[in-house]
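Scroll down for the structure; my scribbles are underneath it.
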Amino acid sequence: MNEIEIKMFQLVNAGFCCTQVMMKLALEEEEKENEDLIRAVGGLCKGIGGRQKTCGVLTGGIAIIGLYAGKGNVAEYPQSNYGSMVEDYINWFEEVFKSLECMDIIGVHNFTDHENNVYPLKCGDILVKSYVKLQEILKDYDYEYGCRE
């Protein structure tokens, strides 16, 4: 396991969901913490509110793109490349994982089903690949990952 995979594993074992793991890693890359943001993205866990709809790794990734290129205050506008980056990420995600829906991707109908332990492994793979892809997309659009200032 590489450093990112170890950190993801530690965060999941600490009780953070996929969306929160994505955001925590992005903030930690900048040596920042934002507990309110981590709590807020918790609503996107397990396919939005646990309903197994849109994958939390997808929504977490889009939120990270928003950190770099989204609107943050009344005087700002989203960067002109914001929509393109989101589109690139969504298209890549759907191509690689064949769906945007949590239930389709991991094939688990109940997260509390202890007989089916396949989803943590699938989610870990999705997390790693998506986290790397986000960094690539940001770099392709001339953003330095870990440096938003």
- Evaluate the distance, in nm, between pseudo-label points positioned 7 Å from the Cα of Lys139 and of Lys71 along their respective Cα→Cβ axes. 3.2
- Message: Please state the shape class of region 1-72: rounded when a/c is under 1.5, otherwise prolate if a/b exceeds b/c and oblate if not, all from the C-alpha gyration tensor.
- Response: oblate
- In terms of Cα to Cα distance under 14 Å, which aspartates and glutamates are near enough to Lys122, apart from those fewer than 8 places away along the same chain? Glu5, Glu101, Asp104
- Item | Net charge dipole size for region 47-108 [Lys, Arg +1 and Asp, Glu -1 on Cβ; Debye, nearest 20] | 220
- Message: Which aspartates and glutamates, if any, have their Cα less than 14 Å from the Cα of Lys139, not counting same-chain residues under 8 positions apart?
- Response: Asp88
- Message: For Gly50, what residues show an amide H to amide H distance below 5 Å, using hydrogens built from the backbone and excluding near sequence neighbours?
- Response: Cys45
- Item | Prolate/oblate/rounded call for region 1-43, Cα gyration tensor, a/c under 1.5 rounded | oblate
- Give the long-range amide H neighbours of Phe16: residues separated by 5 or more places, or on another chain, with amide H under 5 Å away, using H modelled in the peptide plane at 1.01 Å from N. none
- Inter-site label distance for Glu3 and Met103 at 7 Å from Cα along Cβ, in nm: 4.0
- Would you mind estimating how fast region 3-140 diffuses translationally, via Stokes-Einstein at 25 °C and 0.890 mPa s with the Kirkwood radius over Cα pairs, in µm²/s? 160
- Relative contact order, percent, the chain [alpha-carbon distance under 8 Å, six or more residues apart]: 25
- Message: What is the angle, in °, between the Cα long axis of helix 18-29 and the longest principal axis of the Cα atoms in the chain? Nearest 10 is fine, range 0 to 90.
- Response: 40
- About its Cα centre, what dipole magnitude does region 3-140 give when the only charges are +1 on Lys and Arg Cβ and -1 on Asp and Glu Cβ, stated in debye to the nearest 20? 320
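All of the numbers you see were taken from the coordinates with simple rules; none came from a lab. The shown structure was predicted, so the numbers you read here are calculated from the model rather than taken from an experiment. Reconstructed Cβ throughout: ideal geometry from the backbone, glycine too, with neighbour counts over all protein chains shown.
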